[in-house]
Structures are given as C-alpha cells and as structure tokens.
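Asks: This is the structure I want to talk about, given as structure tokens.
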Amino acid sequence: MASTDQTVSGVPGRYASALFELASEEKATEEVSRQLNQFAAALDQSADLTRLVRSPVFSSEDQVAALTAVAAQIGTTGATLNFLKLVARNRRLSALPEMIKAYATLLANSKGEVAGEVTSAEPLSATQLSDLKAALKSSLGRDVLLTTRVDSSILGGLIVKVGSRMMDNSLKTKLQSLKIAMKGTA
C-alpha cells in the first residue's frame, strides 16, 4: 500500500497553507479547524449551500453575502470567516471542500498525526470513534485526526480514507459487488 505521508498542493493547498500560517500566528489552529469542520458539515447537509458553493452562476457579492449569513448562524468568526469571504471574492468556492481537507492535513502534520476521513451511514458515537482511532493508530503507527461525514446512501458500514489509502467496507459497495458477481454466474 501507499505511504500515509500527506502533502497539500494546487490551489486548495495554497489557500489552506495561507490560512494555516495565519491561524498559527494567532494561535488559533484548533479553533479554525473546528469552524471549518462546522462549515463542511453545513455544506454536507444543505443542497442550497452546496449549489451556492459549486455554481458559477452566483456573483461573488451574492456568495459573500450568503456565506456571511450562514457563518453567523453556525458561529463562524474571525480568520475563518475572513477566509471564506476571500475565497468567495476570488471565485474559488468550488475548491472549498478540498481546501478544508488540505487544512486538516496541515493541522494533523503539525501535530505529528495523519489526517483521515470516515464516512458512516449514521453518526458515530464517541466510543466508536475512539475505538476506530485506536485501531488506525495500531495499524499505521501514528495518531489519526479523523473528520467524520454521514452519508445515508452507504446503508451501513464505514468508508475510511487515510492519506492515499481507502477502505470501503460499506454495505452499498458489498451489495454492488454481489450484484456483479451474480450477473457473472447467470
């Protein structure tokens, strides 16, 4: 398998690096990460917000105004809010999810950890998360900074991504594999 060393590059990497440097100077890396994760969760839950972020039809002024309103509702302030506005003004909102992932990677690297993402059909309990982190640590030899996503379309199981590794143990994938196998035997 490939290494779990993570680097950030491209437009998302440049924006995330700039935000990370600013947050480091302000000693607010964890707070910025928390606020970015809240925004990412709002993005996952709202089709309208996703459309606003991904669609080039909206003007940058409209995007900034909408982001400001959303940020006020979810408690995004300071450097994180200014970052979101800058990204909107520069017409880079479509890369925002990748910027958030790149920031998580930078934060994890600064702590000697590796960033990972787990997707489940239902929210994981604190016990399940700690058990998963422990299993990943024993497998990888490093602590893992996990971000969580809920995607009910996977039906059950987990999809875990750490670095360039991915383990898809979702029920949806297993059912698709079974369907393909059964077509081959017919």
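The values are calculated or read from the model by the stated rules, or taken from the named source; none is laboratory data. Since this is a predicted model, take the numbers as computed values, not measurements. No Cβ is skipped: glycine too gets one built from the backbone with ideal geometry, and neighbour counts run over all protein chains shown.
Asks: For segment 84-130, name all the residues that are in a loop (DSSP other than H, G, I, E, B) and surrounded by 22 or more Cβ atoms within 10 Å (Cβ to Cβ). Write out each step before concluding.
Replies: We begin by selecting, within segment 84-130, every residue in a loop (DSSP other than H, G, I, E, B); these are 90-92, 111-113, 121-125.
Residues satisfying the conditions do not exist here.
Asks: Could I ask something else about it? Please go through segment 83-93 and pick out each residue that is touching a Lys or Arg at 6+ places or on another chain (Cβ under 8 Å) and modelled with pLDDT of 95 or more.
Replies: First pass over segment 83-93, keeping only residues touching a Lys or Arg at 6+ places or on another chain (Cβ under 8 Å): 93.
Answer for segment 83-93, where residues must be touching a Lys or Arg at 6+ places or on another chain (Cβ under 8 Å) and modelled with pLDDT of 95 or more: there is none.
Asks: Moving on to the next point. Using the structure shown, decide if residue 184 is within 29 Å of residue 8 (Cα to Cα) and either touching a Ser or Thr at 6+ places or on another chain (Cβ under 6 Å) or surrounded by fewer than 15 Cβ atoms within 10 Å (Cβ to Cβ) (or both). Give the derivation first.
Replies: Working: within 29 Å of residue 8 (Cα to Cα): no; either touching a Ser or Thr at 6+ places or on another chain (Cβ under 6 Å) or surrounded by fewer than 15 Cβ atoms within 10 Å (Cβ to Cβ) (or both): yes.
The answer is no for residue 184.
Asks: Just checking, which of 70, 118 is of a type in the set (Val, Ile, Thr) and either in contact with a strand residue (DSSP E or B) (Cβ under 9 Å, 6 or more places away or on another chain) or touching a residue at least 40 places away in the same chain (Cβ under 8 Å) (or both)? Outline the logic, then answer.
Replies: Values: 70 fails: either in contact with a strand residue (DSSP E or B) (Cβ under 9 Å, 6 or more places away or on another chain) or touching a residue at least 40 places away in the same chain (Cβ under 8 Å) (or both).
Only one candidate passes the filter, namely 118.
Asks: Give the residue, chosen from 148, 76, 105, 80, that is among the polar types (S, T, N, Q), modelled with pLDDT of 95 or more and under 17 Å from the mean Cα position of the chain (by Cα). Walk me through how you get there before you give the answer.
Replies: On the way: 148 fails: modelled with pLDDT of 95 or more; 76 fails: modelled with pLDDT of 95 or more; 105 fails: modelled with pLDDT of 95 or more.
That would be 80, the only listed residue that is among the polar types (S, T, N, Q), modelled with pLDDT of 95 or more and under 17 Å from the mean Cα position of the chain (by Cα).
Asks: So is residue 135 in a helix (DSSP H, G or I) and not assigned by TED's automatic domain parsing to the domain that holds residue 53 or not?
Replies: Details: in a helix (DSSP H, G or I): yes; not assigned by TED's automatic domain parsing to the domain that holds residue 53: yes.
It is true that residue 135 is in a helix (DSSP H, G or I) and not assigned by TED's automatic domain parsing to the domain that holds residue 53.
Asks: Could you tell me which numbered condition residue 51 fails, if it satisfies all but one of (1) among the basic types (Lys, Arg); (2) surrounded by 13 or more Cβ atoms within 10 Å (Cβ to Cβ); (3) closer than 22 Å to residue 90 by Cβ?
Replies: Failing condition for residue 51: (2).
Asks: Test of understanding: among 40, 18, which residue is surrounded by 16 or more Cβ atoms within 10 Å (Cβ to Cβ) and modelled with pLDDT of 90 or more? Working first, answer last.
Replies: Working: 18 fails: surrounded by 16 or more Cβ atoms within 10 Å (Cβ to Cβ).
The conditions single out 40.
Asks: Report, by residue number, each residue of segment 124-182 that is touching a helix residue (DSSP H, G or I) at 6+ places or on another chain (Cβ under 7 Å) and of a type in the set (Gly, Ala, Ser).
Replies: Matches in segment 124-182: 153, 156, 157, 170.
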